[in-house]
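As structure tokens, the structure follows; a few thoughts come after it.
The values are calculated or read from the model by the stated rules, or taken from the named source; none is laboratory data. All values reported here derive from a predicted model rather than from experimental measurement. Reconstructed Cβ throughout: ideal geometry from the backbone, glycine too, with neighbour counts over all protein chains shown. Protein only, heavy atoms only, side chains kept; ligands, DNA and RNA dropped before computing areas. Shrake-Rupley method; radii C 1.70, N 1.55, O 1.52, S 1.80 Å.
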Amino acid sequence: MERHPVVDGLITATPIMIGYLPIALAYGVLANQAGLSLFQLTSMSALVFGGASQFMVLNMMLVQATYIELVLATFVLNFRHFIMSLSMSHRLRQYPLKEKAVLGALTTDESFSVLSVLNKDKQTPVSFYLTLHIAGYVAWVSGSLLGGVIGTFIPETLGQSFGISLYAMFIALLLPSVKKEWRYGVIALLAMVFNFVLMPVASEGIRIVLATLLASLIGVLIRQKEVRE
């Protein structure tokens, strides 16, 4: 018996939700320790919905980065979502624009990976995709809220240990790409080098943006050279 699209979407989203909860909890605890109110940290998850960028923003806030640095760094880090959303939009071109806009706004690395592996046919109801994306969104926002609540009760020293989640998340984002193409690892190392070199002349927020852009530019130039050859 074929499952209802909503039920199928929830079942498919279960691994994503399970994966989101511990990271969202860690974010909520760290945001609370950084001085954000429960409303502020939950609103960030609801409006930004970008795990890695939210952790990065917290780190930049602790070093007193400016608002423009926060915005630029978040934009650069989340730029990959434009590519994923465009890919999903092409795959779901049979659906109305308003539905694709919602799905694009809720697309994450995890949901994009799951849907890429599933490769659903064109007859799949949009309710399946909406359920999958909304389930992940609810898990992230509710996990952040719960983490913020927990952060008010645990010692600050224990809360600071959750900072390892930042590095774990960036490694989790990087490793799949490196496995497919070793040059991505080289680009990441270049970004680290540029960030170190720029330390005497730029603030942390600007360094993150410039290092990312410079390393990415070199990656593009290398790729173009390989294509021509």
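Can you tell me which residue among Glu229, Glu204, Glu156, Glu181 is modelled with pLDDT of 70 or more and charged (D, E, K, R)?
Only one candidate passes the filter, namely Glu181.
Can you list residue pairs whose Cβ atoms sit under 7 Å apart, with the first residue in the range 87-100 being farther than 12 Å from Ser116 by Cβ and the second being assigned to a loop (DSSP other than H, G, I, E, B) and open to solvent by 40 Å² or more (accessible area, probe 1.4 Å)? Count only pairs 6 or more apart in sequence or on different chains.
These pairs meet every condition: Gln94/Lys122.
Looking at Arg3 and the list (1) more than 19 Å from Ser116 (Cβ to Cβ); (2) surrounded by fewer than 20 Cβ atoms within 10 Å (Cβ to Cβ); (3) touching a residue at least 60 places away in the same chain (Cβ under 8 Å), which single condition is not satisfied?
For Arg3, the failing item is (3).
When you go through Leu190, Leu166, Leu174 one by one, which is the residue that is surrounded by fewer than 16 Cβ atoms within 10 Å (Cβ to Cβ) and at pLDDT below 85?
Only one candidate qualifies: Leu174.
Say we look at the range 113-147 and pick out the residues that are exposed (fewer than 15 other Cβ atoms within 10 Å of the Cβ) and under 22 Å from the mean Cα position of the chain (by Cα); which of these is nearest to Ile11 (Cα to Cα)?
Taking the candidates together, the pick is Leu118.
Just checking, which of Ile150, Ile222, Ile218 is more than 21 Å from the chain's Cα centre (by Cα), within 19 Å of Ile83 (Cβ to Cβ), hydrophobic (A, V, I, L, M, F, W, C) and modelled with pLDDT of 80 or more?
One residue alone meets the criteria, Ile218.
Report every pair of residues separated by at least 6 positions or lying on different chains whose Cβ atoms are under 8 Å apart, first residue within the range 28-44 and assigned to a helix (DSSP H, G or I), second aromatic (Phe, Trp, Tyr) and open to solvent by less than 30 Å² (accessible area, probe 1.4 Å).
From residues that are assigned to a helix (DSSP H, G or I), the pairs are Leu30/Phe55; Leu41/Tyr27.
Among the residues that make up the range 57-68, is at least one of them surrounded by 14 or more Cβ atoms within 10 Å (Cβ to Cβ) and polar (S, T, N, Q)?
Yes, the range 57-68 contains at least one residue that is surrounded by 14 or more Cβ atoms within 10 Å (Cβ to Cβ) and polar (S, T, N, Q).
Does the range 90-99 contain at least one residue that is touching a helix residue (DSSP H, G or I) at 6+ places or on another chain (Cβ under 9 Å) and crowded, with 20+ Cβ neighbours inside 10 Å?
No, the range 90-99 contains no residue that is touching a helix residue (DSSP H, G or I) at 6+ places or on another chain (Cβ under 9 Å) and crowded, with 20+ Cβ neighbours inside 10 Å.
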